[in-house]
1. Calculate the dipole size of the range 1-58 relative to its Cα centre from +1 charges on Lys and Arg beta carbons and -1 charges on Asp and Glu beta carbons; express the result in debye to the nearest 20.
2. Which residues does a label at Ile29 reach in the range 155-199, if reach means a backbone N under 18 Å from a point 7 Å past the Cα toward the Cβ?
3. Could you tell me the ratio Rg/Rh of the range 89-198? Both radii from Cα atoms, Rh via Kirkwood.
4. Step by step: find N for the range 158-198, compute 2.2 N^0.38 Å, then divide the Cα radius of gyration by it. What's the final number?
5. Restricting everything to alpha-carbon atoms, can you work out Rg to Rh for the range 2-80 with a Kirkwood hydrodynamic radius?
6. Using only the alpha-carbon atoms of the chain as identical scatterers, what base-10 log of I(q)/I(0) does the Debye formula give at q = 0.08, 0.09, 0.15, 0.17 Å⁻¹?
7. Give me the distance between the Cα centres of the range 125-202 and the range 42-56, rounded to whole Å.
8. In nm, give the distance between the simple-model label positions of Met48 and Ala73, each being 7 Å from the Cα along the Cα-to-Cβ direction.
Amino acid sequence: MKIYHAPNSRSVRAVWLFEELELPYELEIHALGDPKMRSAEYRAVHPMGRVPAVVDGDVTIFESGAIVEYILARHGAGRLRPDVASPSFPDYLQWLHYAEGMLMPPVNIIFVETLFLPEERRNQTNVDRARKLLGRMLDAVEQGLEGKEYLAGEFSGADIMTGHACIVSARLGGDISDKPNVEAYIDRLQARPALQKAWAVK
């Protein structure tokens with residue numbers, strides 16, 4: 001299988017997943033904003049010219065949450081997700097989708113306003129609002145982790161999705177000083193060898 005990847009992007013999730021499952025993969029690495037990603041050839045892989053994308057034979061899939069679900073369903077052999085009959089399955093589904101539904105929208109605003117836009121076009125009001133909203137979104141993760149090391153009990157694809165979003169949130173200035181569960185959770189995830197390998201891919 002092939003992963004289209006850019007360092008320090010959502011595609012870290014795909015590499016992390018493959019490393020956790022010890023699945024073989026080939027990497028095609030791009031830099032964010034690489035003009036090659038706007039080419040017709042690359043848009044045939046990812047119509048938005050972004051990462052990640054995964055090619056598995058005649059299947060191409062390009063949304064990080066969908067990639068996690070697809071790989072676990074087709075290649076996970078029951079790993080990293082609870083059985084549908086398990087009491088933890090609803091939590092797994094909720095936190096699998098929470099990353100993109102709730103955490104990443106304010107993260108995206110902060111990223112664009114503080115790192116992507118030229119300084120003269122940045123809007124501090126947008127950043128302040130996004131950080132306030134992000135704090136509320138992280139409050140729910142703090143509550144969801146109460147009494148647990150991982151969001152669905154055992155480490156799962158939900159942690160690859162929402163855990164990655166928590167790490168990025170903290171790196172972009174999301175305040176976790178009053179969220180000891182989230183802080184400890186980030187430390188646990190960062191200590192995982194598979195994630196360390198994913199971060200190291202350049």
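1. 420 debye
2. 194-199
3. My calculation puts Rg/Rh at 0.99.
4. For the range 158-198, the normalised Cα radius of gyration comes out at 1.10.
5. Checking Rg against Rh, the ratio lands at 0.96.
6. Here the Debye-derived log intensity ratios amount to -0.27, -0.34, -0.96, -1.20.
7. Centre-to-centre (Cα) distance: 26 Å.
8. 1.9 nm
Readers should treat all values here as calculations from the given coordinates under stated rules, not as data from a laboratory. Only a predicted model underlies this, so the values are computations on that prediction, with no experimental measurement involved. Methodologically, a virtual Cβ is constructed for each residue, glycine included, from the backbone with ideal geometry; neighbour enumeration extends over all protein chains shown.
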